[in-house]
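Chemist: Mind looking over this structure? Questions follow.
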Amino acid sequence: MNKNTTFFRKSLPVAFGGILLSASLALMSNSAITNDKNAPKKITEANLKVDTVASGLKMPWATAFLPNGDLLVTERGGKLRLVKNGVLDPQEISGIPEVYYKGQGGLLDVALHPDYKTNGWIYISYSSPKKEGEAGDDGGANTALMRAKLKDHTLIDIQQIFKAIPNVKANVHFGGRIVFDKKGYVFLSLGERGQKENSQNLSKDQGKVVRLHEDGKIPTDNPFVKTEGARPEIWSYGHRNPQGMTIHPTTGVIWEHEHGPQGGDELNIVEKGKNYGWPLITYGIDYDNSIISKDTARAGLEQPVIFWRPSIAPCGMTFVTSPKFKEWNGDLIVGSLKFMQLQHLTVKGNKVTGKEILFQGIGRVRDVRQGPDGNIYVVLESSGKVVKISPKS
Amino acid sequence: MVRAIVNLKQMKKLILLILGTVLYSTAFTNQDDALAKSIERGKMVYSENCITCHMGTGEGVPASFPPLAKSDYLLKTPEKAIYAVKFGLAGKIKVNGIEYDNMMPAPGLDNDEIADVMNYIQNSWGNSSDKKIVTEKMVEAVEEKK
């Protein structure tokens, strides 16, 4: 009996394993059959159409959807525009503050507060020239975040709620994406302004993602609030030039992509207090072909979900959560400035398992958004258009 | 005596020649110097505004961004290149026999920076402007076609 029990105990895991194995085999074959018969039709470019919803824009950077169906569009030169019924309103919206329009700088992102319908707040990021009393280079600039309300063609109740410090006299790497989470916080991505070592410096805002309350106050539970010398708004650091940022529809975690050096553009999952490694680790080399770091990984530094080689110059990104693109739900659509295309990234958990190029030659993509109608809207810098991608039938 | 006079005349000529050569080469060196300094500044402008597309050695990206190194578009029609840097460029262009259909956003540089970056790209990666310098005034003179 004793012997039998022992045998039973020993063989139980084996037997159980066997059952599991056959069960999973059955499941696998079952799912294979499902795939054959009931799987939804794969979305291909051929099933999709591209319609122009706005044209005549000058270097548009981002768009936001007003509840009445109008679009707000930023032009990098410093204008906020309105698109009504597919027509660009010739009258620009007044009230935009002075913008540092040079190199990659200018008027950048626009996003509506999640409760826009009740509070009317519009959030706008831009390259802000140095003002008196601010730290940094004379004639320099850095990224700022403002909010305001729209009355006809005028911004009112204008508040600058954040300015990245210090001002830097360089034309590059302003970041600038605005994302709201579902808990009342607003995130802003900041580029390192061409000073890579400052991405690792917690006393500067360069190369960081910051988290603020919606009025610009700093949350007391931000990761570096109690770190001496660190700027309390910092949420994550070690970024280069993040120009795509979006919130995961189910986990609520922020995903970000950034322009890396040559061959080192990255997709990252941005989490509290983490260091994304620039320039200590990178998959790329400098644009003059010099080595930035011999390491691609180091303890304590986060790895990207994927990196792009060659660099695609990613700009704009959205998760798909649309009944019109069922098969893509939970996946990412990323824009490429450099190769003038969209990339559909298949997402499984925290991994990207597939990459598909869409609409090669569509134009220099600045922004990718899912509209309230479930269609995907793309802002094209080169042609000055906003286009809508929707299923053909 | 006659000989001496001739010699004196020759001497004068020689002195003038030497003087002229010295003056000329000083002026020449000054311009060389101005060009060298402009190229130096232009390198910084390039690495901030141009390098991600036109690449570190001006080779561009096949089918997307035209090369600057040994580019006929740049070297034969520098005024077109100045125009592109000043106002941006959209639509089809032909560089070294290959057609490109893309868009270059205006980098928003000041005229002096445009002159500097022009001098840099015209004198890098095997390119040569034959010591000719692009000046701020030349950039200023290029006007936007509507």
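The values are calculated or read from the model by the stated rules, or taken from the named source; none is laboratory data. The structure displayed is predicted, hence computed values, not measured ones. A quick note on method: Cβ atoms are made from the backbone with ideal geometry, for glycine too, and the neighbour counts reach across all protein chains shown.
Chemist: Please determine, by comparing only the residues of region A:140-175 that are of a type in the set (S, T, N, Q) and crowded, with 17+ Cβ neighbours inside 10 Å, which one is modelled with the lowest pLDDT.
Modeler: So in region A:140-175, the residues of a type in the set (S, T, N, Q) come out as A:142-143, A:154, A:159-160, A:167, A:171.
Remaining after also requiring crowded, with 17+ Cβ neighbours inside 10 Å: A:142-143, A:167, A:171.
Numbers: A:142: 98, A:143: 98, A:167: 98, A:171: 90.
Within region A:140-175, the match that is modelled with the lowest pLDDT is A:171.
Chemist: Does region A:143-192 hold any residues that are farther than 30 Å from residue A:84 by Cβ and within 14 Å of chain B (Cβ to nearest Cβ), and which are they?
Modeler: Within region A:143-192, A:168, A:169, A:170, A:171, A:172, A:173, A:191, A:192 meet the criteria.
Chemist: Please state which of the following conditions residue A:373 fails to meet, knowing it meets all the rest: (1) over 29 Å from residue A:275 (Cα atoms); (2) surrounded by 18 or more Cβ atoms within 10 Å (Cβ to Cβ).
Modeler: (2)
Chemist: Which residues, taken from region B:113-128, are in contact with a helix residue (DSSP H, G or I) (Cβ under 7 Å, 6 or more places away or on another chain) and surrounded by fewer than 17 Cβ atoms within 10 Å (Cβ to Cβ)?
Modeler: The answer is B:127, and nothing else.
Chemist: Run residue A:175 past the list (1) closer than 29 Å to residue B:52 by Cα; (2) over 18 Å from the mean Cα position of the chain (by Cα) and report the number of the one that doesn't hold.
Modeler: Only one criterion is unmet by residue A:175, namely (2).
Chemist: Tell me, which residue of region B:51-105 that is of a type in the set (Lys, Arg) and free of Cβ contacts under 8 Å to residues at least 40 places away in the same chain is farthest from the other protein chains (Cβ to nearest Cβ)?
Modeler: B:76
Chemist: Go over the candidates A:326, A:272, A:355 one by one and state the one that is modelled with pLDDT of 95 or more and part of a strand (DSSP E or B).
Modeler: That would be A:355, the only listed residue that is modelled with pLDDT of 95 or more and part of a strand (DSSP E or B).
Chemist: Has region A:285-307 got any residue that is touching a Gly at 6+ places or on another chain (Cβ under 8 Å), touching a residue at least 40 places away in the same chain (Cβ under 8 Å) and within 28 Å of residue A:382 (Cβ to Cβ)?
Modeler: The answer is yes; a qualifying residue exists.
Chemist: Could you say which residue among A:293, A:311 is within 14 Å of chain B (Cβ to nearest Cβ) and closer than 20 Å to residue B:52 by Cα?
Modeler: A:311
Chemist: Would you confirm whether any residue within region A:254-270 is closer than 22 Å to residue A:176 by Cβ, more than 14 Å from every other protein chain (Cβ to nearest Cβ), surrounded by fewer than 18 Cβ atoms within 10 Å (Cβ to Cβ) and free of Cβ contacts under 8 Å to residues at least 40 places away in the same chain?
Modeler: Taking every residue of region A:254-270 in turn, none turns out to be closer than 22 Å to residue A:176 by Cβ, more than 14 Å from every other protein chain (Cβ to nearest Cβ), surrounded by fewer than 18 Cβ atoms within 10 Å (Cβ to Cβ) and free of Cβ contacts under 8 Å to residues at least 40 places away in the same chain.
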